[in-house]
Amino acid sequence: MIAQRQLGQSSLRVSPICFGCNVFGWTADEKTSFALLDAWVDAGFNFIDTADVYSRWHPGNQGGESETIIGKWLKSSGKRDRIVLATKLGIEMGPGKKGLSRAYMMQAVEDSLRRLQTDRIDLYQSHRDDPDTPIEETLSGYATLIQQGKVREIGASNFSADRLAESLRISATQGLPRYQSLQPQYSLVERDEFEGPLEQLCLKEKVGVIGYYSLASGFLTGKYRTAADTQGRARGSRVEKYLNEYGFGVLRALDDVAARTGANPTQVAIAWLIARPSVTAPIVSATSLAQLQDLVKAAHLQLDSEAIEQIDAASRK
């Protein structure tokens, strides 16, 4: 069994990598998604993350596709008690269906539970901050969902340091549920948004960190090294901004460490994140069993101080 980590101050214990299910119903069909989930759990991992809005952006989709696939897998596999199930709400799902108001939360959770075919969500997250809804109202809504047994713990995603700090203050002073985790964008080529006040706050307040885009939309795998490599790829447009001397410098460091450790750039980039004191479990996706094996191997890769320093130096701007 993979060694687990405590998520924030919660009772949840999770594997050191979280499987990101945003690909389900987009670049991974139902059959492939089932195979990936089975392989993930069978390899000893227990943490999966999705959102109600996945994958609304894909032509022909309306949102809820990922949750629906996971729900079918949960029902057919009987593995609900072997996973820590995380999902999110707040991004627009249709006219009038967005935000973190109490009324919408009550509707959104029922929709997610129905799609997921489960009676509880282990980690329910605010997908993005909602400045139009008082923080107290949102946290009070979560308190109701926890009291009803529909939610175990709560987390935040895409929050600024100031807003997360204010939320934690209100939780402490008013006896309301606290955000036990944060989902920021965080990778070797996207360090500035998280490192600094946000990371310091998470360390001080013992908030677990489950960063997304951990491989920078695939750039850190090393498969995108020229503009031609991005053509016809689902995430190709997202990695073009890394095709510069800085990005190539990071890849050279990953290549060098990979050669010394018998790993590959994907595994090294994830292992670097796992080694960060602030990180609980980076979120990484896969669309094939071969890619999933890279994630499994990354969880067992321990980088020495020399490797971490080399990667740090190459990835600092």
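The values are calculated or read from the model by the stated rules, or taken from the named source; none is laboratory data. Quick caveat, the model's predicted, so the values are computed rather than measured. When we count neighbours, we look across all protein chains shown, and the Cβ atoms used for this are built from the backbone with ideal geometry, even at glycine.
Looking at the range 4-102, the strands (runs of 3 or more DSSP E) lying wholly inside it that each contain 1 or more residues that are polar (S, T, N, Q) sit at 84-89. Beta carbons closer than 7 Å, at least 6 apart along the sequence or on distinct chains, pair a first residue in the range 280-306 that is in contact (Cβ under 8 Å) with a residue 24 or more places away in the chain with a second that is of a type in the set (Phe, Trp, Tyr) and assigned to a helix (DSSP H, G or I) for 292/40; 303/272.
Filtered by the rule that a residue be touching a residue at least 60 places away in the same chain (Cβ under 8 Å) and closer than 18 Å to residue 96 by Cα, the range 35-66 gives 51, 52, 53. Go through the residues of the range 250-263 one by one and say whether even a single one is farther than 24 Å from residue 45 by Cα, of a type outside the set (Gly, Ala, Ser) and free of Cβ contacts under 8 Å to residues at least 40 places away in the same chain. The answer is yes; a qualifying residue exists. Scanning the range 156-172 for residues being surrounded by 14 or more Cβ atoms within 10 Å (Cβ to Cβ) and acidic (Asp, Glu) gives a total of 0.
Taking residue 28, is it hydrophobic (A, V, I, L, M, F, W, C), surrounded by fewer than 17 Cβ atoms within 10 Å (Cβ to Cβ) and farther than 23 Å from residue 180 by Cβ?
Numbers: hydrophobic (A, V, I, L, M, F, W, C): yes; surrounded by fewer than 17 Cβ atoms within 10 Å (Cβ to Cβ): no; farther than 23 Å from residue 180 by Cβ: yes.
So residue 28 fails the test.
For (1) modelled with pLDDT of 95 or more; (2) in contact with a strand residue (DSSP E or B) (Cβ under 8 Å, 6 or more places away or on another chain); (3) at negative phi, each residue gets a yes or a no:
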| site | (1), (2), (3) |
| --- | --- |
| 189 | yes, no, yes |
| 194 | yes, yes, yes |
| 199 | yes, yes, yes |
| 202 | yes, yes, yes |
| 207 | yes, yes, yes |
| 211 | yes, yes, yes |
| 218 | no, no, no |
| 224 | no, no, yes |
| 227 | no, no, yes |
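When each of 116, 85, 123 is tested for being modelled with pLDDT of 95 or more, of a type outside the set (S, T, N, Q) and in contact with a helix residue (DSSP H, G or I) (Cβ under 6 Å, 6 or more places away or on another chain), the lone residue that passes is 116. Only residues that are surrounded by fewer than 19 Cβ atoms within 10 Å (Cβ to Cβ) and β-branched (Val, Ile, Thr) were counted in the range 276-294, giving 1.
Tallying residues that are of a type in the set (D, E, K, R), touching a strand residue (DSSP E or B) at 6+ places or on another chain (Cβ under 9 Å) and surrounded by fewer than 18 Cβ atoms within 10 Å (Cβ to Cβ) within the range 129-155 yields 0. With respect to (1) touching a residue at least 60 places away in the same chain (Cβ under 8 Å); (2) surrounded by 17 or more Cβ atoms within 10 Å (Cβ to Cβ); (3) out of contact with any Lys or Arg (no Cβ under 9 Å at 6 or more places or on another chain); (4) not β-branched (Val, Ile, Thr), the lone exception for residue 314 is condition (3). Restricting the range 114-128 to residues that are buried (at least 20 other Cβ atoms within 10 Å of the Cβ) and in a helix (DSSP H, G or I), the residue that is nearest to the chain's Cα centre (by Cα) is 116.
Criterion first (in a loop (DSSP other than H, G, I, E, B), touching a residue at least 40 places away in the same chain (Cβ under 8 Å) and either at negative phi or surrounded by 19 or more Cβ atoms within 10 Å (Cβ to Cβ) (or both)) does residue 176 satisfy it? Break it down stepwise before answering.
Working: in a loop (DSSP other than H, G, I, E, B): yes; touching a residue at least 40 places away in the same chain (Cβ under 8 Å): yes; either at negative phi or surrounded by 19 or more Cβ atoms within 10 Å (Cβ to Cβ) (or both): yes.
So residue 176 passes the test.
For the range 37-57, check the following and say yes or no: at least one residue is among the polar types (S, T, N, Q), farther than 28 Å from residue 298 by Cα and touching a helix residue (DSSP H, G or I) at 6+ places or on another chain (Cβ under 9 Å).
There is no residue in the range 37-57 that is among the polar types (S, T, N, Q), farther than 28 Å from residue 298 by Cα and touching a helix residue (DSSP H, G or I) at 6+ places or on another chain (Cβ under 9 Å).
Within the range 295-311, restricting attention to residues that are hydrophobic (A, V, I, L, M, F, W, C) and under 27 Å from residue 40 (Cα atoms), the residue that is surrounded by the fewest Cβ atoms within 10 Å (Cβ to Cβ) is 308.
When residue 40 is tested against (1) modelled with pLDDT of 95 or more; (2) surrounded by fewer than 18 Cβ atoms within 10 Å (Cβ to Cβ), exactly one condition is not met: (2).
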